[in-house]
Amino acid sequence: MYLRQLVGLQFFFAFFLFGGNSQSCWADSVFAAGERFSEEIVLKDLPISTAISFASPTRAYLAIKIGQILTVDEGVVMKTPFIDLSDIINKHTDRGLLGLAVDPDFPERPYLYISYVYDPPGFSRDSSDPRVIRVARLTADANADFKTAVPNSLKVLVGANGIPAHIAPPVPEGDDNVPERASCMTGLTMDGEPIQDCIGCDALSHTAGTLVFGRSRELFISIGDGADYNGPTRVGLRTQNLDSLSGRVLRINPDTGEGIAGNPWYNAAVPSSNRSRTWSYGFRNPFRITLNPLDDEPFVGDVGTSYYEEINTGKGRNFGWPCYEGGFLERSQQEGEATASIEQVGYRRYDRTVDFCNAMYANGQGYVKKPLFNYRHPYDETGKDLGASITGLSFYSGETYPSRYRGALFFADYAQRWIRYITFDSVGRPVPHDFATEVGTGLGAVELLQGPDENIYGVYIDLETRTSQVRRFLPVNGGNLPPTIRASVEPKVGEPPLAVTGFSSASFDPNGSPLEFKWDLDDGRILNTADVAFTYEIPGLYSVKLTVTERTPEQLSSSETFLIRVGEIQAEANIVQPKSGEFFEIGQPVKLEAADATGRYSDVQFDWNILQVHNEHLHLVSEIPGRTGSFYPTEHTDNTSYRVCLRMRVSEGNEDNECVDLKAKSAEYLLQSKPSGAVISYIDEESERETPYAIHPIVGSQQTLKAQPTYNGRSFLGWSDGTLSLSRRFVAEAGKHSLAAVYRNLRPRALFKKLGANARKRVIRLDAASSLDPEGADLSYRWLFSDGTRLKGRSIKKRFKSSGRYSVTLTVRDPLGATNRRRKTIVVRNRSIRITNRHFDR
């Protein structure tokens, strides 16, 4: 009941994690013009966190990607985890422990709910092979002040049937994957039917998402499509099957895991069926959702491919993925309410999905629901996608912020490093506004939510440093706020005499008050300027505390502590292999080798952090312990590179990081057509353009091109290398290459038949409507009779002067001049007129 008792207590909760004075530290958002807010880091230097959930004004729980839940009590992160499930959670790339919610009646109902990618016993830990998703409940131990979980209390609510027998095997190298393998489908292929209570996760992203409670304790859950993000696949079609659990939002009873009466496809006879649990479907990666506080309607942030990011809402609606995405009818429109559901470029062309999508398109626009709001990906001047990823979503329903924010929908983009918000006009149309943009760091928001103090909170991650933060946004609306500290101290490790410099002149007071500075050097010395320099002569661990106080009657202050280790040599990591700027190929291993650049330590811990750079944002691929190792690069579109980071740790607080960037070894394929100008689809990049144009796939990657069956009145004959099928699959080879789709105007086919005759008047009616042009062009028709009569038109009427045998020749011509003829004999009698079977083509 705690969260329901918080309304109106915003002043009490203004510093609810800190017992009074705020412990601000450097935050790096720049607010848009007119946005009067202060940003505060309330938790920092965390392991990679994916979600936070509040249990009370002073208690919160953090979901850690590797599979731990941490308890936060009175602003302090407990050293003992609430629970450690890392032995059953797959954390490869975008997998892991991703969703967390506290029961709204906590602690009377002492439950935490989680969603994660499951590694069953006996399976390789953190493998990239197919896995399954589960949603489970944990019980907090009252005897431990709810800081840890009751042992063995995990209860699976959704996905209990995600057992080893229902997990698809990996696809061997060179296998055509026909029929496509798929977890949670009978026969483990897409030719099967969905298995009940089983959530497939066949790829490294689009997995588990958000858990959020409605006002009546119903639990909403978002689940990705579990399909490969590298290009179209039949596995993505699971989202369109109502008997699947992929690519949808669920609403369940948190006690039983069953669907709830009132769900669109609820069946009281089978409440645990996949359909009974489904609220809406047709999503790609609905990583974050939020509920409208007015009616508990879910608003869904669906992460897109290379074109659109979407916000969707609608009970019982199909949002169209993978056959639809976005969008806007006008290419110049960048954001706003969608004007149409747009056919998805890759899936509408891919051989294995084109028929399915065409059947959807035949139903018209009303078959799917267009996004409430969407925005396009940014592109640079060369046409390269710079990336976008909607990863946070939260309504504001409090009273702490000014009234114009009441009912606003905040949303974050991890790739573009910003937060924006939407207000709604008098007829419900979304109106976007800028809010805050991150500058100077690699941190991006992966969750937004309104806290119990009625402020918006964000969970931020930095994959390069493997750290995360929790921030909150405080309004500057007349109330006095404590100073914001922006400070740094360098160096933090070294041998005596150690000269240290501290900077804090970038600190400020949100209300504009002048500031006082106090540096406590932990050795009896106090310094009172913003920027300071000092030296330690004696070895030891020093806790340097900076306090910044406003010069007002209230004298609100903020503080931050820095640990200085005197008597140690600063760790210095050295990456021996690979070298920065080296090139990688798909399928070829990258070797790792580390060294201690100081040469002074015998007991050093090395850890590698393998980051995939996709467009302008990062994916954590794997963490590899040890001085040496290796990894195999994979492709995530042509615009993929790698950042390899090494962490060398000597002791707590004495560590160093070094990173090198690896470039993709790209090939060049000039795509042409004969004649020039035909559209060729680059399936794996989900794009299509008119020829000629060049593509640059990574060497070793498998790609697919698809030509159109006709172009400019001509039919596709094949590719210039002899391949005859419209789809051209290839493994990219180094160097420059050229491929052309060859078109030729094929001859039409001349056909005609008798429509009717009047023997008494010697009149016959002939029709050539069955004549065919291979390219579908309009034909012209000319008729020549052996008595010299010449007629034009598709249907004609001919009168003969006398009985006898007559020949008739039909010539059809297409717009490009290709012709064909058909000749038949007409026998005219007093009582009949007939056409003989004697005919020929010429």
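In percent, what relative contact order does the chain have, based on Cα pairs under 8 Å that are 6 or more apart in sequence? Please report the intermediate quantities before stating the final value.
Values: 2312 pairs, mean separation 67.1, N = 842.
Computed over the chain, the figure is 8 percent.
For Gly96, what is the net charge nearby, where nearby means another residue's Cβ is under 12 Å from its Cβ and Lys, Arg count +1, Asp, Glu -1?
That sum, taken over residues with Cβ under 12 Å, equals 0.
Counting only protein chains, not ligands or nucleic acids, how are Lys753, Lys65, Lys761 ordered by accessible area (probe 1.4 Å), most first?
Ranking Lys753, Lys65, Lys761 by accessible area, largest first, yields Lys753, Lys761, Lys65.
For Ser127 and Lys663, what does the FRET efficiency come to when R0 = 25 Å and r is the distance between their Cβ atoms, rounded to the nearest 0.05?
Numbers: r = 27 Å, r/R0 = 1.08.
Using R0 = 25 Å, I get an efficiency of 0.40.
What number do you get for the stretch 503-624 when its Cα radius of gyration is normalised by 2.2 N^0.38 Å, N = residues?
1.62
Under 13 Å from the Cβ of Asp243, count the other residues' Cβ atoms, weight Lys and Arg +1, Asp and Glu -1, and hand me the total.
My count for the surroundings of Asp243 gives +2.
Report the label-to-label distance for Ala362 and Lys79 in nanometres (one decimal), using points 7 Å from each Cα along the Cα→Cβ vector.
6.7 nm
Considering only Trp719, Phe123, Ser38, whose Cα is most displaced toward the positive end of the charge dipole of the chain, charges sitting on Cβ of Lys, Arg (+1) and Asp, Glu (-1)?
In the chain, that residue is Trp719.
When the solvent-accessible surface of protein heavy atoms is calculated with a 1.4 angstrom probe, in what order do Glu438, Glu658 fall, highest first?
Sorted by accessible area, descending: Glu658, Glu438.
For Ser127, Ser630, Ser580, write out the residues from largest to smallest accessible area, computed with a 1.4 angstrom probe and no ligands counted.
Ser580, Ser630, Ser127
Helix-only estimate, please: 222 nm mean residue ellipticity of the chain, summing -39500 (n - 2.57) across DSSP H runs of length 4 or more and dividing by its residues, to the nearest 500.
Helices in the chain give a 222 nm mean residue ellipticity of -500 deg cm²/dmol.
Between the DSSP loop rule and a limit of at most 15 other Cβ atoms within 10 Å, which trypsin sites (Lys or Arg not before Pro) in the stretch 388-472 are left?
Listed in order of number, the matching sites are Arg406.
If you wrap a convex hull around the alpha carbons of the stretch 242-397, what volume per residue comes out, as a whole number of Å³?
Each residue corresponds to 133 Å³ of Cα convex hull volume.
Would any residue of the stretch 564-578 have its amide N under 11 Å from a label point 7 Å out along Cα→Cβ of Arg600? List them or say none.
From the stretch 564-578, the list is 566-572.
If you take the beta carbon distance between Glu193 and Ser725 as r and set R0 to 22 Å, what does 1/(1 + (r/R0)^6) give as a FRET efficiency, to the nearest 0.05?
0.15
Could you name the lysines in cross-link range of Lys579, using Cα to Cα under 18 Å and dropping any fewer than eight places away on the same chain?
Candidates past the 8-residue exclusion: Lys591, Lys663, Lys665.
Taking the Cα-to-Cβ direction at Arg790 and at Asp462 and moving 7 Å from each Cα, how far apart do the two end points lie in nm?
8.4 nm
How many Å³ per residue does the convex hull of the Cα positions in the stretch 647-734 occupy?
With only Cα atoms used, the stretch 647-734 gives 119 Å³ per residue.
Put a dot 7 Å past each Cα toward the Cβ at Thr628 and Ala160; how far apart are the dots in nm?
Reported label-point gap for Ala160 and Thr628 is 4.9 nm.
Rounded to whole Å, give me the distance from the Cα center of the stretch 71-116 to that of the stretch 714-736.
51 Å
Excluding Gly320 itself, calculate the net charge of residues whose Cβ lies under 11 Å from the Cβ of Gly320, where each Lys or Arg counts +1 and each Asp or Glu counts -1.
Overall, the nearby charge balance is 0.
Taking 0.36 nm per residue of separation and subtracting the Cα-Cα distance, what length does fully extending Thr339 through Arg744 add?
142.0 nm
Take the alpha carbon atoms of the stretch 505-556, find their center, do the same for the stretch 606-660, and report the distance between the two centers in whole angstrom.
Going from one Cα centre to the other spans 36 Å.
For the cross-link pairs Lys44/Lys79; Lys753/Lys798; Lys65/Lys370, which exceed 24 Å when the distance is taken from alpha carbon to alpha carbon?
Lys65/Lys370
From the P(r) of the chain, could you give the percentage of C-alpha pairs in the tail past 37 Å?
On the way: 187106 of 354061 pairs.
Here the tail beyond 37 Å accounts for 53 percent of pairs.
On the protein heavy atoms, probe 1.4 angstrom, tell me the percent of accessible surface of the chain carried by carbon and sulfur.
48 percent
Just to verify a number: what accessible area does Thr637 come out at with the full protein assembly present, 1.4 Å probe, Å² rounded to tens?
10 Å²
Keeping all protein chains in position, work out how much accessible area His614 exposes to a 1.4 Å probe, and write it in Å² to the nearest 10.
Surface accessible to solvent at His614 totals approximately 20 Å².
Going 7 Å from the Cα of Glu516 along its beta-carbon direction, which residues of the stretch 459-482 have the amide nitrogen within less than 18 Å of the resulting point?
In the stretch 459-482, the label zone of Glu516 (backbone N under 18 Å from the point 7 Å along Cα→Cβ) covers 481-482.
How much solvent-accessible surface does Glu108 expose, in Å² to the nearest 10, with a 1.4 Å probe and all protein chains in place?
It works out to around 130 Å².
Roughly how many debye, to the nearest 20, is the charge dipole of the stretch 144-241 about its Cα centre, given +1 on each Lys and Arg Cβ, -1 on each Asp and Glu Cβ, and no other charges?
620 debye
The values are calculated or read from the model by the stated rules, or taken from the named source; none is laboratory data. Bear in mind that the values here come from a model prediction, so they are computed numbers and not experimental data. FYI the Cβ positions are ideal-geometry reconstructions off the backbone, even for glycines, and counts take in every protein chain you see. These accessible areas exclude ligands, DNA and RNA; they are computed on the full protein's heavy atoms, side chains included. Shrake-Rupley method; radii C 1.70, N 1.55, O 1.52, S 1.80 Å.
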